[in-house]
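Only one structure is covered here, and it is reproduced in the block below.
Quick note: the coordinates plus some simple rules give every number you see, no bench work behind them. This is a predicted model, so every value here is computed, not measured. Don't worry about glycine lacking a Cβ; one is built from the backbone with ideal geometry, like all the others, and counts go over all protein chains shown.
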Amino acid sequence: MGLCSNAALPVDREAFLREPELLEAWLRELDPSRLEALWQAADRVRRECVGDEVHLRGIIEISNFCVRRCAYCGIRAPNSRVTRYRMAEEEIVACAAEILSAGIHTVVLQAGEDPALDADWVARVIRRIKQLGPIAVTLSLGERSDQELRLWREVGADRYLVRFETSNPELYQLYHPPRSDGRGRDRLEMLRALRELDYEVGSGVMIGLPGQTWADLANDLLLFAKLDLDMIGCGPFILHPDTPLGNRDIAEVEGLASKIEHASSSGHAAIAPGERRSPEAKWNTPEETAPAGWPPNAGPEQVPADELTTYKVIALSRILCPWANIPATTALATINPQMGRRLGLRRGANVIMPNFTPQKYRKMYQIYPGKAETITTSRTILEEVLAAIAAEGRSVGKGPGTSPNFLRRKRMAPHP
Ligand code: 5AD
């Protein structure tokens, strides 16, 4: 035997924090038997730290208006192919009531960065939802001011999700043009503010964004631990044809060319087969200019936007942040509708977020094409999710499913 190159790498939190290079090594790992050790370690930590319950979160996509121009996202402001909608207060409250009556005790209000969802209106919606019964409210409304975040916390919002998307500042800049009115904010700074305001704090990244290297992704994972996140949501990047990434040049980046064909022919994207570039699908329109360094290219270090890498990220996140709530995301279910969620649950995840957006709006919330659940009804989705949980031998979480990481932090905090 002797020392050999295929000796198993350590798989524990302390080792990862001591030797961050291990994270990159695990991310690059392809050997199935060695990966099995990673899945088992993550599943053990998951069972010991957050238990067998799978918590459900009912998502309502309340508005697809967005003032931002994130280069990967299908509902970015310049995409004129999107029909924009904003749900009425009554519709949102009715939808939340439906979620509660399905036995789900968390609603997630998600939207583009839409300034018309003003502070007082959102506060009223939160108050009304909280009056429905024992229900936690999670907000995912983009970059917002401290005043707004404070008000919403005061009226009963419990949690906030804002992904930092990538820990690489240059890559972040390339994808996120600043808000023209200067009202955007640094997401890391916002995450700290949310923590100060006593929210349960969630963040995450996309996996396989063009330009993202293995080292970048390893740094993302380390940052999850450093931020001491209560919730971590990560999914594969999925190419949207009506974005600056949806053109031929970037499609030549390894592995992306076939996906763009798929997006075009699946019937979900508003793009004719064979037509690869829509008028909106490029910078350099009268309103937009490509930033210097576009398109991003990580060459051989490019992380693939695939299922396997997503499972590795879920598993490593679980080991690094043992008490966090970690969903098997909709993007994962989109790239593998049969097994994505189940394998996510098996490899570290403990949350699923079924979509309850009313049918008529759902297809308009295409941040990426083919989004799982744009076709089926909320009922069907819920049945599928419950079946997946049962098939994995897990139970459905009762109550609000507060992040054990948040509860630990509270318990450890000195009492006022
Ligand atoms: N593919 C995958 N995920 C995406 N998101 C936005 N656009 C895409 C895409 N094309 C993710 C971002 C955002 C979250 C709401 O959805 O990470 O924070």
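If only residues of segment 156-173 that are hydrophobic (A, V, I, L, M, F, W, C) and touching a residue at least 60 places away in the same chain (Cβ under 8 Å) are counted, the one that is nearest to ILE326 (Cα to Cα) is LEU161. Filtering segment 17-24 for residues that are within 16 Å of the ligand (Cβ to nearest atom), acidic (Asp, Glu) and in contact (Cβ under 8 Å) with a residue 12 or more places away in the chain leaves an empty set. Summed over segment 225-246, the residues that are more than 10 Å from the ligand (Cβ to nearest atom), under 16 Å from the mean Cα position of the chain (by Cα) and of a type in the set (A, V, I, L, M) give a count of 3. Pairs meeting the criteria (first residue in segment 398-409 and closer than 19 Å to VAL108 by Cβ, second residue among the aromatic types (Phe, Trp, Tyr) and crowded, with 17+ Cβ neighbours inside 10 Å, beta carbons under 6 Å, at least 6 apart or on different chains) are PRO404/TRP323; ASN405/TRP323.
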